[in-house]
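Taken together, the values in this text are just the output of simple stated rules run on the coordinates, not laboratory data. Since we're looking at a predicted model, the values are computed, not measured. Here the Cβ positions follow ideal geometry from the backbone for every residue, glycine too, while neighbour counts run over all protein chains shown.
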Amino acid sequence: MDQRNRSFSLLVTDAASAGFADYTEGRHLDLKTVACLRHLPGRRAVWKARCEGHDVLLKVFDQHPKQRRDLDREWDNARALFKAGLATPEPLFKARDDSGLLAVAFTYIENGRTLKEVFAEADEATLAAGLRQLLELHAKQHAAGSYQKDNHLGNYFSSRGDLYMLDAGSCVLKDNALSIHDRVQNMAMLIANIPLHSRKVFDGVFSTYLDCCPDEIDRQIFLGKLAIEVPEARNRRLMSYLRKTRRSSSKLERSDHPDKSWHACRQLEPGLKSKLLENPEQFFIGQTRKGARVEDGEGYLQTDFEQAGHSYVLRRYDRPSLVNRLRQFFSISVFPRVLEVWSNGHALNMVGLESPRPLACLVLKKYGFYLGGYLLLEKTNGKRLSERDDVSEDIVLQFDTLIQDFKSLRITHRGLMPSDMSIDENGRLVLVDTASLRFHKSVSEYQKEAAEQAQTLEELLG
């Protein structure tokens, strides 16, 4: 679907009365979009649109095998949630057009942002207030027999002091209040999606949820089950996101060609994207090489450059050894190093660990064999830890926190060195080398490699 503003001529197939308009079944409506808010290619797009003089939120579903299911689930769940008194945008109408597109419309909530956006720049007091509000909403959801399957901060919308649930299509509704099992599962998923730097504040206000449902659950049993489930939920979330980084989504794009595959953030500047796809080597001409490195037999060279007021790092990964190329060709679980770094960087950012954000990944290939690639990263300003003469107590504390976060997420880092970390201009510890990270599914797998990592850390700290 084209993301540029467009017009829709829709026939209403089901409607709910709204305070400012009555959209009756069988009416024809003309809508003009104002902005594309979200786009999942081949599935759906979310627009801010104008309809009969009012702003509406329009969700349009493309033709695909699950189109009708997605539409009905969104519409039916939204109406049920709104009827139950839960805070969600009011559903207005369901409609279709002559080309086969299906759509649902909701009231448009002005001046709002997702909780993910709010929390990214919130001070501790604002963060605590927002988390309390989120926990109160969860208590209401659970008491009403509802929960969000895709329970992350991007599915909650804050506007003028009110908090709303988004994405009704991924909600589950039951006839009675949720069981303790369902509550534990849903709260564990929420905790898994709270960024690590916000966990301390979250733990401090978590009693808000328990205070909202004193007669519905046994606190001791609930907290005991939650302590067991949270590590598993975090691990599932991390593994799921790693897979997600290698396919197209609302935020990432992927395209495959005989000689290359392309992965990029959808917000990547179009001019920069064109240059990378046309000839990435042009960025190395006349630039100072910032160093080379070899990781498990695969080397890379990197350079810095600026474009349109932004600073970037571009790495060129060399052709790996024949053994590594054969391993990647015949295995579905072994990926090119450049693609591993792309996925690892996004996974770390997802859980709130500081590392340079990957912006684009170009994998070169011939007859299915990996020939090397390029990785574009945001540049983080600051000195490498190995270049500093002194290390403050705060940096030592941040390093200790990083290792504890690795443990809770079952992450190991092979060969962690001071040159793998830097201190940015805000005094934050940033993990620069993400290629050597390993994300482990099982506890036993993690413990085996963590024992080897512990010896390396002792040498580093010593």
#### Entry: For region 198-260, size of Cβ-based charge dipole, Lys and Arg +1, Asp and Glu -1, in debye
580 debye
### Task
Rounding to the nearest 20 debye, state how big the charge dipole of the chain is about its Cα centre with +1 on each Lys and Arg Cβ and -1 on each Asp and Glu Cβ.
1620 debye
### Residue exposure sequence - 228, 194 - by fewest surrounding Cβ within 10 Å
228, 194
### Message
7 Å from Cα along Cα→Cβ at both residue 308 and residue 181: what's the point-to-point distance in nm?
### Response
5.1 nm
#### Entry: Percent of alpha-carbon pairs separated by more than 32 Å within the chain
48 percent
### Fewest-first sequence of 171, 361 by Cβ atoms within 10 Å of each Cβ
171, 361
### Task
Taking the Cβ of each residue in 251, 366 as the centre, tally the other Cβ atoms inside 10 Å and list the residues starting with the fewest.
366, 251
#### Entry: 0 to 90° range, to nearest 10: angle between helix 180-192 axis and the chain longest Cα axis
50 degrees
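Rank by packing, highest mean first: peptides 384-395, 62-73, 400-411, with packing defined as the count of other Cβ atoms within 10 Å averaged across residues.
Ranked by mean Cβ neighbours within 10 Å, highest first: 400-411, 62-73, 384-395.
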### Query
Cα centroid distance between region 6-64 and region 344-394, in Å?
40 Å
#### Entry: Over 22 Å [Cα-Cα, region 112-244], rounded percent
34 percent
#### Entry: Descending Cα extents along the principal axes, region 7-107, whole Å
32, 27, 26
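Can you give the helix-only mean residue ellipticity at 222 nm for the chain, where every DSSP H stretch with n ≥ 4 adds -39500 (n - 2.57) and the sum goes over all residues, rounded to the nearest 500 deg cm²/dmol?
-11500 deg cm²/dmol
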### Query
Say the dipole of region 7-107 comes from +1 at the beta carbon of Lys and Arg and -1 at that of Asp and Glu; which of 100, 51, 37 then lies farthest toward its positive end?
37
### Task
Taking the dipole about the Cα centre of region 382-462, with the C-beta of Lys and Arg at +1 and of Asp and Glu at -1, give me whichever of 385, 408, 397 is farthest to the positive side.
408
### Query
If each of residue 386 and residue 419 carries a label point 7 Å out from its Cα toward its Cβ, how far apart are those two points in nm?
0.3 nm
